[in-house]
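**Student:** Got a structure for you, questions after.
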Amino acid sequence: MNDVNQPDIVAFCCHYTAYACSQDLQNLPRLGFPENVRLEILPCSGRISITRLLKAFEQGADGVYVAGCWEDTCHNIRGSQIAKKRVDYVKDVLAQLNIKPERVEMYMISREPNRGFIEVAKEMTERIKRLGPSPLKGK
Amino acid sequence: MIVGERKPIQEIVGMLKGMKKILILGCGGCVSVCSAGGEKEVEILASILRIDRKKGGEPIETVEKTLTRQCDTEYLEGLKDEAGNYDAILSMACGVGVNYLADMYPKTPVLPALNTSFMGVSEEQGVWSERCAGCGDCVLDRTGGLCPIARCSKRLLNGPCGGSQNGKCEISPNVACVWQLIYDRLKGLNQLEKLKDIFPVKDWSSSLHGGPRKIVREDLKL
């Protein structure tokens, strides 16, 4: 992340969703994808683990989200539904640690070529800007 | 298997107050199967605790290990060279593992990360329910294999009681009346006559009423 005033966000994205939206990940900045969002592509959003989400926060992320397919369009049938359960688990953990659960989110977006993929990155960036830096920052 | 679930995070956090280095110890037995205290859950809890401490500006060092079982001497002995290196061992085993760790390592605090719930079955992914109360004097031959000790809310031996309504227990419409289940099963087996045998007063001395239980098998001892 180049701009220290921008929130550090990690996005775990389903391979199909990410490529359907951009065709070429190198083009993302040109399409308006926020530079403060670090992309980690997964073969399916259902591959995300609770540990990986938590470790992103441990390693300093201000916000973390998973982007997967709509419930009924997942290439692996239930991948994005499984991912949502894991994100919900982490939301509950954050709440129990008195950290805003809104710092983690699950987005189910269309696999049709459109800007949903970029819009959720922008939405998460704005949300985390409102919440401010992670309470783990600088500690 | 023995079914457990992780304690609320703040309860665990409270136990670890002031500690700087802990061993989070998983168990590869029952609690691993019920996704409460196996290798994956150790990794998750360690991360949660590090996040909490980092947030509070008091980092904690977590060492993560999972033993094949925590209820066997041979596996716990493997910790003898390192148990003293920790402020505490946070066990993710059932209460049996926590007890045995405490027995074997008197100088190291041992803490429970789980609540041990019951002996039960996996009905489906993510759903467990009780089947055995470990009373030490099994009556299942007389009840069609269904346990009135573990599954009747009143532990009645000559049920059902008046709270059985439409096959459900009066404590909740989601709880089956096991005496209804016993009746239905014995009827299906043409063994309804078994219900005419009245259970005498149960001798609970084989249960916890007789004190801590122990089995010694001379034929197996070395």
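**Student:** Give me, ordered by chain and number, the residues 5 or more places off residue B:90 or on other chains with an amide H under 5 Å from its own placed amide H.
**Tutor:** Answer set, sorted by chain and number: B:23, B:24, B:25, B:111.
**Student:** Right, here's the next one. Semi-axes, largest first, in whole Å: what does sqrt of 5 times each Cα gyration tensor eigenvalue give for chain B?
**Tutor:** 41, 22, 14
**Student:** Express in whole angstrom the spacing between the alpha-carbon centres of the range A:64-115 and the range B:30-68.
**Tutor:** 23 Å
**Student:** Now for a separate question. Beyond 22 Å, what share of the Cα-Cα pairs of the range B:133-209 remains, rounded to the nearest whole percent?
**Tutor:** Tail of P(r) above 22 Å: 22 percent of Cα pairs.
**Student:** At a probe of 1.4 Å, how much accessible area disappears from chains B and A on forming the pair, both sides counted, to the nearest 100 Å²?
**Tutor:** What B and A bury together is about 1500 Å².
**Student:** If you take the charge dipole of the protein assembly as shown about its Cα centre, with +1 on Lys and Arg Cβ and -1 on Asp and Glu Cβ, which of A:67, B:23, A:93 is farthest toward its positive end?
**Tutor:** A:93
**Student:** Turning to a different aspect of this structure: Would you kindly calculate the mean projected area, averaged across all directions, of the convex hull enclosing the Cα atoms of the range B:2-118, in square nanometres?
**Tutor:** Average of the hull's projected areas for the range B:2-118 equals 6.2 nm².
**Student:** Still on this structure, I have one more. Using a 1.4 angstrom probe on the protein heavy atoms only, line up B:209, A:15 by accessible area, largest first.
**Tutor:** Order by accessible area, largest first: B:209, A:15.
**Student:** Let me ask another. Non-local amide H neighbours of residue A:105 (under 5 Å, H modeled in plane, Pro and chain starts lacking H): which ones?
**Tutor:** When sequence neighbours closer than 5 places are left aside, the close amide H contacts are A:64, A:65, A:66.
**Student:** What are the ³J(HN,Hα) couplings of the range B:57-71, residue after residue, when phi is run through the Karplus curve with 6.51, -1.76, 1.60 and θ = phi - 60°? Round to Hz, x for glycine and proline.
**Tutor:** x, 10, x, 10, 8, 10, 10, 10, 9, 9, 8, 3, 8, 9, 9
**Student:** Dipole of the protein assembly as shown (Lys/Arg Cβ +1, Asp/Glu Cβ -1, origin at the Cα centre): which of B:159, B:146, A:11 lies farthest to the positive side?
**Tutor:** Final value for the positive-end residue is B:159.
**Student:** Give, ordered by residue number, each residue of the range A:83-124 whose 1.4 Å probe accessible area is reduced by a minimum of 50 Å² on adding the remaining protein chains to the chain alone.
**Tutor:** Residues losing area: A:96, A:97.
**Student:** Now for a separate question. Based on Cβ point charges of +1 for Lys and Arg and -1 for Asp and Glu, what charge dipole magnitude is obtained for the range B:2-118 about its Cα centre, in debye rounded to the nearest 20?
**Tutor:** Result for the range B:2-118 is approximately 420 debye, rounded to the nearest 20.
**Student:** Now a separate question. Given a cut-off of under 8 Å on Cα pairs at least six residues apart, what relative contact order in percent is computed for chain A?
**Tutor:** The normalised contact order for chain A reaches 32 percent.
**Student:** Still on this structure, please answer the following. Give me, ordered by chain and number, the residues 5 or more places off residue B:69 or on other chains with an amide H under 5 Å from its own placed amide H.
**Tutor:** So residue B:69 has HN proximity to B:28.
**Student:** Assigning unit charges at the beta carbon (Lys, Arg +1; Asp, Glu -1) and nothing else, what dipole magnitude in debye, to the nearest 20, does the protein assembly as shown show about its Cα centre?
**Tutor:** Using Cβ point charges on Lys, Arg, Asp and Glu, the protein assembly as shown gives about 500 debye.
**Student:** With chain A treated as a Gaussian network of Cα nodes joined by springs under 10 Å, which of A:39, A:31, A:53 yields the largest mean-square fluctuation?
**Tutor:** Comparing A:39, A:31, A:53 in a Gaussian network model of chain A, the most mobile one is A:31.
**Student:** Can I ask one more? Find out how many positive minus negative residues lie around residue A:135, taking Lys and Arg as positive, Asp and Glu as negative, among other residues whose Cβ is under 15 Å from that of residue A:135.
**Tutor:** Charge balance near residue A:135 sits at +3.
**Student:** Shifting gears a bit: Projected onto the charge dipole of the range B:133-209 (+1 at Lys/Arg Cβ, -1 at Asp/Glu Cβ, origin at the Cα centre), which of B:172, B:186, B:209 gives the Cα projection farthest towards the positive end?
**Tutor:** So the residue furthest toward the plus end is B:172.
**Student:** Whole number please: convex hull volume per residue, Cα atoms of chain A, in Å³.
**Tutor:** Spread over its residues, the Cα hull of chain A gives 93 Å³ apiece.
**Student:** Using alpha carbon coordinates only, what is the Rg to Rh ratio of the protein assembly as shown, with Rh defined as the Kirkwood radius?
**Tutor:** 1.08
**Student:** If you don't mind, another one. Roughly to the nearest percent, how much of the accessible area of the protein assembly as shown is carbon and sulfur, given a 1.4 Å probe?
**Tutor:** On the protein assembly as shown, the fraction of accessible area on carbon and sulfur atoms equals 50 percent.
**Student:** What list of ³J(HN,Hα) couplings, whole Hz, do you get for the range B:170-175 from phi and the Karplus terms 6.51, -1.76, 1.60, once you set θ to phi - 60° and write x for glycine and proline?
**Tutor:** Whole-Hz 3J(HN,Hα) from phi for the range B:170-175: 5, 6, 6, x, 8, 10.
**Student:** Between residue B:138 and residue B:154, how many nm apart are label points set 7 Å from Cα along the C-beta direction?
**Tutor:** Modelled inter-label distance: 2.7 nm.
**Student:** Same structure again: Below 8 Å between Cα atoms, with a sequence gap of 6+, how large is the relative contact order for the range A:67-139 in percent?
**Tutor:** 31 percent
The values are calculated or read from the model by the stated rules, or taken from the named source; none is laboratory data. Only a predicted model underlies this, so the values are computations on that prediction, with no experimental measurement involved. Note that each Cβ is placed from the backbone with ideal geometry, even for glycine, and that neighbours are counted across all protein chains shown. Surface accessibility is based on the protein's heavy atoms, side chains included, excluding ligands, DNA and RNA. Shrake-Rupley method; radii C 1.70, N 1.55, O 1.52, S 1.80 Å.
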